[in-house]
Structure formats: structure tokens, C-alpha cells
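What follows is a single structure, written as C-alpha cells, with notes after it.
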Amino acid sequence: MSEQGAESALHPVAATFDLLGDRLTLTILRHAFVNHTRRFNQWIERTGAPPAVLTARLAALVDAGVFVRVPQAGAPDRFDYRLTDLGLATWEILVSVWGWQREWTAEGALHPDLVHGACGHRGPPVLMCRGCGRTVTPRDTEVELGDDALWRFTSGGRRRARAPVSDRADMRFDEVMAAIGDRWSATVTGLALAGMRRFTAFRTAMNMSPTTLTERLSRLCDAEILCRSGEGAGREYRLTPRGRALFGIFAFLLAWSELAHPEAPESGLLIRHRKCGAPLRPALRCRGCDTHLARTDVRFEPLSHTVIDRLRSS
Ligand SMILES: [Zn+2]
Ligand SMILES: [Zn+2]
């Protein structure tokens, strides 16, 4: 957390999207959780990332307190990267991203299965409110925005160079990256999740030139996250079902941001669960047995080759 001071002006949620809204970073974390990857060379092997890019991502994750570097026994100039408690707390974000890919992308069926150990249920969990225990959909919630929250969210901070796209299957975060991979797209998707529809409303909220805004909105339409209707000033952009299903990812990113920046001033971004009136503390619940899931209750199981071949040929 040594460099925290230098970035204290950066909005905590913006820092979270900058850090985790990146395909290689999500891949690094996925391998850390699923394959217990801890070493630089293992990530190189498994992700195919260029060494310099991997070095930069791991350094950013160490700075953010997600990994801690531990000298390897017998080779003190080499390090293992171990997930800290804060790092382990990203598991619900990863499960939500996985669940979305599983349900809403073409190659989703090829992803590993999430299994609940206690009941054996396989497949994505549902989002619940930790406060009242109910299942939560975006329609049950309200997003509250502080006065300058959007401005603070979109301004400042470093822009990171994008990692080159690898053709490895586990690098395929393209579709979810359209929605969370940069702060502007995240803002548009977030506002749409909060119920915003009209072009003019987006324009006022984001203080953006019509050309740039149109371009962002079109990109989200191409990714089938939004769909367009109407013309001129009455033009509207609505979330598609797969766009609305991104809600859990946003809720967990927001919650993790609070965990990662406990000292930061109020972010000005709050999701309220209307049914209980409290700020949403998101959690995951098994669809099979309705139990609240903890990280150690679930595991990923790769699909068998027979299943993969059958899915590929169907
Ligand atoms: Zn609630
Ligand atoms: Zn279960």
C-alpha cells in the first residue's frame, strides 16, 4: 500500500475499475484462484502475456495490496505472489464475471463449472443482499449519486496501456471488457443500470461531447449490452437482458472498492436495496440449496473433454 498517498486524489471506485477492469489482470487472478498460480513463469506459461506486461500488472496488484511478494525458499531473489485477504476478497467479482460469461456469451458453455461442495449444485449462483437475505435484481435497487461523483470518477489517474490480445481461450474477456474495461464505458453502463435511458440525460450527466457519447453508446450497442430506440432528442438506450445481468459485477466491484480504500472519502456512489432500505452489501447464494456462499464453499471444475467436444460440435 506504499504508493497509496500518490494516488489519494483518484476516486476509489475509479482506482478499482482501473485495476480490475483489465482482461490480463482478471486472468492473473483467475489462475491464482483456480490453479493456485503463484509464480511469474507459471503465469507466463498459462496466459501467454509478454513478460514486461505481466511484470507491470503484478506490480500494480502488489501496490494495491492484492498480492504480497514472498521470497522463494532457496532463491531469495525470486518471489511467490500470494493473495492477501484483500486479494481473496476479489473472488465474488471473479465468480460474477465468470457467471456472466457462462450465461451470456457464446463460448460460456466451455468455461469450467462452479460447484457448491455441500449440495453438489453446478452453475452460477444468484445475487443476494447480505443485510436482509433476499435475492436482488437491479430493479430492486436504487443508485444514489453524490453531486460530483461522476466527475471525480471519470477524471484523474493513470491510463494504462492495454495488454495485447492473446488468442488463448482464457483471455476472452472481450465482451465484459466492453462494459467495465474503461471508466467511460463503465459510467455509461452504470448509469443505464441506475435507470438512465435518454441520450440527453447521459449527455448532461457525463458532460461529454455528443460525438464521443454516441461513439461510446454505439460500442455498447454493438456488444449487445444496450439497444437503441427512437430518433433525435428522444433517442433512448436501454439495457438488454445481458446488459442488465452485469449488475452483480458492478455491485461487487463497488463493495470491493470500499474494502480496498477504507480511508478514502465517500465515493458518492451507493446502491441501495429498496426492499430493506439499506445500502446493498452484495453476496452470492447457491441456486441449488439457497445457502449464502463463502469462498471456501465452492470450487471450479473444468469440463470433461467429452462435454467440450459435444458442445463444440453442437
Ligand atoms: Zn436488503
Ligand atoms: Zn448449494
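Annotations
- The chain - percent of accessible surface contributed by carbon and sulfur, probe 1.4 Å: 52 percent
- Rounded if a/c under 1.5, otherwise prolate or oblate - the chain, Cα gyration tensor axes: rounded
- Under the convention that each Lys and Arg Cβ holds +1 and each Asp and Glu Cβ holds -1, the size of the dipole of the chain around its Cα centre is about 540 debye.
- The range 188-213-the range 232-297 distance, computed between alpha-carbon centres (Å): 20 Å
- Ranked by the mean number of other Cβ atoms within 10 Å of their residues, highest first, the peptides 212-225, 20-33 come out as 20-33, 212-225.
- For the range 7-301: accessible area per residue (Å², 1.4 Å): 47 Å²
- Taking only alpha carbon atoms, the range 27-94 gives an Rg to Rh ratio of 0.94, where Rh is the Kirkwood radius.
- Cys residues of the chain that find no other Cys beta carbon under 4.7 Å: Cys129, Cys221, Cys227, Cys286.
- Estimated FRET transfer efficiency (Thr240, Thr211; beta-carbon r; R0 30 Å; 0.05): 0.80
- Net lengthening on full extension, Asp148/Arg203 (0.36 nm per residue, minus Cα-Cα): 18.3 nm
- Dipole of the range 7-301, positive end: most advanced residue of Ile93, Val188, Gly117 [Cβ charges, Cα centre]: Gly117
The values are calculated or read from the model by the stated rules, or taken from the named source; none is laboratory data. Computed from a predicted structure; not experimentally measured. Backbone-built Cβ (ideal geometry, glycine too); neighbour counts: all protein chains shown. With ligands, DNA and RNA removed, areas are computed over all heavy atoms of the protein, side chains included. Shrake-Rupley method; radii C 1.70, N 1.55, O 1.52, S 1.80 Å.
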